[in-house]
Amino acid sequence: MVRVQGVRHNMIPESHPLQQLFQDLVGQHYAHEIGIRDPQVVAYVSHLLAEFCEADQLFKTKDAFNRQLSDVGEMMLEADPVYGPAPSFDRERQVRKHIGDFTLFFAGMFPESINHLRLRRQRLENFIDWVKAGKESYYIVSKFEHFEYAKVAPLFASLSQNFEGCVYGLNMVKNDLQEMQHPIVRRTDELIM
């Protein structure tokens, strides 16, 4: 398994079978169907899936009032160090990274939920293109290319450049996971084992 240097990993241990499942599925779809063979990208997206198994990680970005942000538009405002509340460029990077992760995860794994969330109530993100926000956020993170961020900057540049492909690959992973839950597949597994 490839480690992504300088990126905080999830709470699920690398030895956990879920990590290996995500690594295998992401690696297979990214390499064979999309042509993304970058082990750093595959490792990052696999770790992201495992990390977001915990809802606290999915909604870890908070505003100045310690309120969890689930609206991409509000997250983008939170990330602004010039006209918004972000107290530093490090905070901008942290929130932008989360926006990239959040939009990649939802657009790839739960694309149907994006419009459902928008229709439920008036949200700032109604005016935000999720793919554009995710791609742009990873691009901004990639421009933090000095000091402690130098080693991971190329990873985020690659995520930005391949954002749509990464979303498509995650949708294929989602389809595989759904298929694994299908009664026919489960019954076959029981017979084989």
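Throughout, read-outs are computed from the coordinates displayed, never taken from laboratory work. Only a predicted model underlies this, so the values are computations on that prediction, with no experimental measurement involved. Here the Cβ is made from the backbone with ideal geometry for all residues, glycine too, and neighbour counts use every protein chain on show.
Is the C-alpha gyration tensor of the stretch 60-188 telling us rounded, prolate or oblate? Criteria: a/c under 1.5 is rounded; beyond that, a/b larger than b/c is prolate, otherwise oblate. Oblate is the answer for the stretch 60-188, as a/c is 1.5 or above yet b/c matches or exceeds a/b. The lysines within cross-link reach of LYS60, meaning a Cα-to-Cα straight distance under 16 Å and a gap of 8 or more places when in the same chain, are LYS97.
Going by average Cβ neighbours within 10 Å, how do the peptides 19-32, 74-87 rank, with the highest at the top?
Working: 19-32: 19.3, 74-87: 15.9.
Top of the packing list down: 19-32, 74-87.
Within a straight-line Cα-Cα reach of under 16 Å, LYS135 can be paired with the following aspartates and glutamates, leaving aside sequence neighbours fewer than 8 residues apart in one chain: GLU92, ASP101, GLU125, GLU164.
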